[in-house]
Amino acid sequence: MNNRTKSLLYAAVIGLIIVAIFLGFLSSLTNPISWILIAVLIMIPLINKKSEGKNQIEWKEEYSVGIKHIDQDHQKLITLLNQFSIAYDYAMSETFEKEALDELVSYTKYHFEREEKLMSENNYPDFDAHKVQHEKMIAEVESFVSLYQEKGHDSLNEIVDFLKGWLINHINGTDKQYTEHLHQRGIN
């Protein structure tokens, strides 16, 4: 169930509870059912808050590659991915979804260029293979962008799932492989 449906469901439940409280108080202000429903009404936002954010990625120190500006790039990529995920989860307008996707793709390309330049300037031995991974990922994302242009909102779930999995696996796998080499070159 997407967040838009959940929101509508919460609104309907809240509306019904308010009506039930009002009807209960019509019979008596000491009606225990009305007071119980007030407690339930107070709990609904707390329950909703706990369920929100489960699709968001939080930066963890274990994602760090030990190079400050690369870690900052990765943190920004996670932030942009979370924004894009929110645009999808809450079925924002097509304009907002497209802007969030475009910004994520654009920053990803910028980050890859910075990372590749750093590896190239420091003669990273596995540079070519790493660059190929970047190129494959960009090609995959561009195919998703084309799918989005063709099918719209319904195609976004595939993009979100792919990017979340790819980004974390890439940071924790391939990106951490260049850390030692760059640290030996004095890059922190």
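The values are calculated or read from the model by the stated rules, or taken from the named source; none is laboratory data. Just so it is clear, the model here is predicted, and its values are computed rather than measured. Because the Cβ atoms are built from the backbone with ideal geometry, glycine has one as well, and the counts that use them run over all protein chains shown. For the accessible areas, the whole protein counts, side chains as well, though only heavy atoms, and no ligand, DNA or RNA atoms are used. Shrake-Rupley method; radii C 1.70, N 1.55, O 1.52, S 1.80 Å.
Does any residue of region 146-161 turn out to be surrounded by fewer than 17 Cβ atoms within 10 Å (Cβ to Cβ) and either modelled with pLDDT of 85 or more or among the β-branched types (Val, Ile, Thr) (or both)? Looking through region 146-161, at least one residue is surrounded by fewer than 17 Cβ atoms within 10 Å (Cβ to Cβ) and either modelled with pLDDT of 85 or more or among the β-branched types (Val, Ile, Thr) (or both). Restrict the check to region 31-54 and report whether at least one residue is within 25 Å of the chain's Cα centre (by Cα) and modelled with pLDDT of 90 or more. No, region 31-54 contains no residue that is within 25 Å of the chain's Cα centre (by Cα) and modelled with pLDDT of 90 or more.
Selection within region 162-188: residues that are among the charged types (D, E, K, R) and crowded, with 16+ Cβ neighbours inside 10 Å. The member of this set that is nearest to residue 65 (Cα to Cα) is 175. Residue 29 meets all of the listed conditions (1) in a helix (DSSP H, G or I); (2) exposed (fewer than 13 other Cβ atoms within 10 Å of the Cβ); (3) free of Cβ contacts under 8 Å to residues at least 40 places away in the same chain but one, namely (1).
Tell me yes or no: at least one residue of region 10-29 is of a type in the set (Ser, Thr, Tyr), touching a helix residue (DSSP H, G or I) at 6+ places or on another chain (Cβ under 8 Å) and within 23 Å of residue 90 (Cβ to Cβ).
Yes.
Among the residues of region 75-129, the ones that are among the acidic types (Asp, Glu) and open to solvent by less than 80 Å² (accessible area, probe 1.4 Å) come to 6 in all.
Pairs needed: first member in region 3-15, modelled with pLDDT under 80; second member anywhere, assigned to a helix (DSSP H, G or I) and of a type in the set (A, V, I, L, M, F, W, C); C-beta distance under 9 Å; at least 6 residues apart or different chains. Hits for this filter: 3/86; 10/44; 10/47. Pairs linking a residue in region 155-168 that is free of Cβ contacts under 8 Å to residues at least 12 places away in the same chain to a residue that is open to solvent by 20 Å² or more (accessible area, probe 1.4 Å), with Cβ atoms under 6 Å and 6 or more positions apart or on different chains, are 155/147.
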